[in-house]
Amino acid sequence: MGECEKYKPLLMGLIDQELTPEEAVDVNQHLNRCAKCRADYESLRETSAKIGAVSFKEPGDEILETLWNPPYSHFTRLSGLAMVIAGWVGLILYILYEWIVKSSGNLLPRIGIAVMAFGFVILLCNAIRERMVKYKVDPYKEVVR
Ligand SMILES: [Zn+2]
């Protein structure tokens with residue numbers, strides 16, 4: 001029993017890796033022999049893992065929040081996205097216009113490709129719209145604002 005009392009303060013040190021190698025070996029040997037101290041050690045380790053996870057997670061989230069979710073970032077992101085899409089669609093329309101109207105030859109395959117390009121643009125817009133809807137619905141974002 002006296003032996004267990006001696007090892008008890010060392011259990012926390014073992015979890016925090018604050019023991020000398022000799023002490024760590026000593027404690028480990030006792031843990032191998034003693035089921036009671038092993039149970040103590042397991043519960044201490046669980047508790048300290050929980051505390052560690054909480055204290056690690058909270059400031060981390062806080063920092064991420066201020067870095068990535070300032071009030072204006074939503075608008076900045078959306079307007080940037082809108083400009084990219086508008087530029088891209090405009091360019092495609094221009095190329096298609098040049099290509100279809102100004103070149104000669106068989107029109108049908110070019111119309112087919114033009115329709116496919118439009119279809120792609122529509123799919124892209126739809127995917128973006130869905131993302132924006134999700135963003136708006138996200139309850140956590142509402143709380144932040
Ligand atoms: Zn013991």
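Read-outs: derived from the displayed coordinates by stated rules, not from any lab. Just so it is clear, the structure is predicted and the values come from calculations on it, not from any experiment. Here the Cβ positions follow ideal geometry from the backbone for every residue, glycine too, while neighbour counts run over all protein chains shown.
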> When only DSSP loop residues count, what GluC sites (Glu not before Pro) in segment 1-49 have their Cβ near at most 10 other Cβ atoms within 10 Å?
Replying inline: none
>> What are the equivalent ellipsoid semi-axes of segment 1-44, built from the alpha-carbon gyration tensor (square roots of five times its eigenvalues), in whole angstrom, biggest first?
In response: 15, 11, 9
> For segment 76-92, in order, what is each residue's ³J(HN,Hα) by Karplus, 6.51 cos²θ - 1.76 cosθ + 1.60 with θ = phi - 60°, in whole Hz (x at glycine and Pro)?
Replying inline: 4, 5, 5, 5, x, 4, 4, 5, 4, 5, 4, x, 5, 5, x, 5, 5
> So for the pair residue 132, residue 29, with labels modelled 7 Å out along Cα→Cβ, what separation do we get in nm?
Replying inline: 7.0
